[in-house]
Amino acid sequence: MIILAEKLDRRDDLAEKLREWLRELLKDASEGRISVEKNSGGWMVVETDDEKLVKSIISLQTKLNPIASEKPPRLSHVAEIGKTTIKVEYPTPSGETALKELPIEPFTASLGCEENPEEFLEAAGITEGSIVSISAEAPSHAQLKLVQEYVLRGLDRILVLNAAPQEIERLLSSQWAANLIADYQVLTLSSHVLYVKLGAMPSKVLQRIREEMEKISKMITVRLLSWKILAELNTTFELRDCDA
């Protein structure tokens, strides 16, 4: 049994969509069974005859490894962002939910932000419901590299939560989407970042993407992440000495 830091409680059919996607990836590599379900805490549970292969496929397909582990870094979901703290939740390897409260200023400072932490977190894609990779109660190397990549790309982004990879691929296969989106990344199996092309109006792109996603499910979240705040960061910040 594999426990993933993927919340399936926002969309009833998401487990089925992710099961279809994993089966498609496995069909040429293995004939073993695969099951994707939601446990009582809302986390994604994968059962398969070949756990090693499935873990490898998931890790290769995602920017942030969602597999629950006793060792850091821990892929967490942001439960709440307050004035002084960030509350996150993540699954233990046994499938239980662990909660952690992190002070907001040291957290954002380690990512290169010295003021306006709430605005910075939103611009970096760390908002309620989104994912964050933590280690020693601070961003992990993976999170730091991701934010650094956001800065270096210099593009506005659209964050899509609670959508399966094949749904994003279907969306981006249309000509109108190809004309608006420069690139995209799969952060986890259900969270994605789309990079808006230079010259495209981010608000118009957001509206169109949201309309298309709502045709699939009203529970898919689509947010615009502006690059302007990230552009003011010092891109030479050093990675903290924490687990990769």
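Does region 155-226 classify as rounded, prolate or oblate by the C-alpha gyration tensor (a ≥ b ≥ c root eigenvalues; a/c under 1.5 gives rounded; else a/b over b/c gives prolate, otherwise oblate)?
On the way: a/c = 1.42, a/b = 1.36, b/c = 1.04.
It is rounded, given that a/c, with a ≥ b ≥ c, falls under 1.5.
Might you report the magnitude of the Cβ-based charge dipole of the chain about its Cα centre, with Lys and Arg at +1 and Asp and Glu at -1, to the nearest 20 debye? Can you show the working numbers first?
Details: 30 positive and 39 negative charges, 121 e Å.
So the magnitude is around 580 debye.
Given a 10 angstrom Cα cut-off, can you work out which residue in 52, 87, 228 is the most mobile in a GNM of the chain?
Of 52, 87, 228, the most mobile in the Gaussian network model is 52.
Given a Förster distance of 35 angstrom, what is the FRET efficiency for residue 55 paired with residue 182, based on the Cβ-Cβ distance and rounded to 0.05? Mind dumping the intermediate values first?
Values: r = 31 Å, r/R0 = 0.88.
Result of the calculation: an efficiency of 0.70.
Do you know the Lys pair count in region 6-149 for C-alpha distances under 17 Å, with sequence separation 8 or more or different chains?
15
Where does the charge balance sit around residue 160 when Lys and Arg score +1, Asp and Glu -1, over other residues with C-beta under 11 Å from its C-beta? Let's see the in-between values first.
Details: positive: 157, 210, 223; negative: 167, 212.
Taking every Cβ under 11 Å from that of residue 160, the sum is +1.
Take peptides 63-69, 92-98, 205-211, 4-10 and line them up by average Cβ neighbours within 10 Å, highest first, as a rough protection proxy. Before the final figure, lay out the partial values.
Details: 63-69: 19.7, 92-98: 13.7, 205-211: 17.1, 4-10: 22.3.
Output ranking for 63-69, 92-98, 205-211, 4-10: 4-10, 63-69, 205-211, 92-98.
What is the Cα coordinate range of the chain on the first, second and third principal axes, sorted by size from largest, in whole angstrom?
Dimensions of the chain along the principal axes of its Cα atoms: 51, 43, 28 Å.
Can you give the calculated 222 nm mean residue ellipticity of the chain, where each DSSP H run of n ≥ 4 adds -39,500 (n - 2.57) and the sum is split over every residue, rounded to the nearest 500 deg cm²/dmol? Walk me through the numbers on the way to the answer.
Working: 9 runs with 81 residues, N = 244.
Here the helix-only value at 222 nm equals -9500 deg cm²/dmol.
Values in this text are rule-based calculations from the coordinates and carry no lab data. Every value quoted in this text rests on a predicted model; they were computed, and no experiment measured them. Positions of Cβ are backbone-derived with ideal geometry, glycine not excepted, and every protein chain shown enters the neighbour counts.
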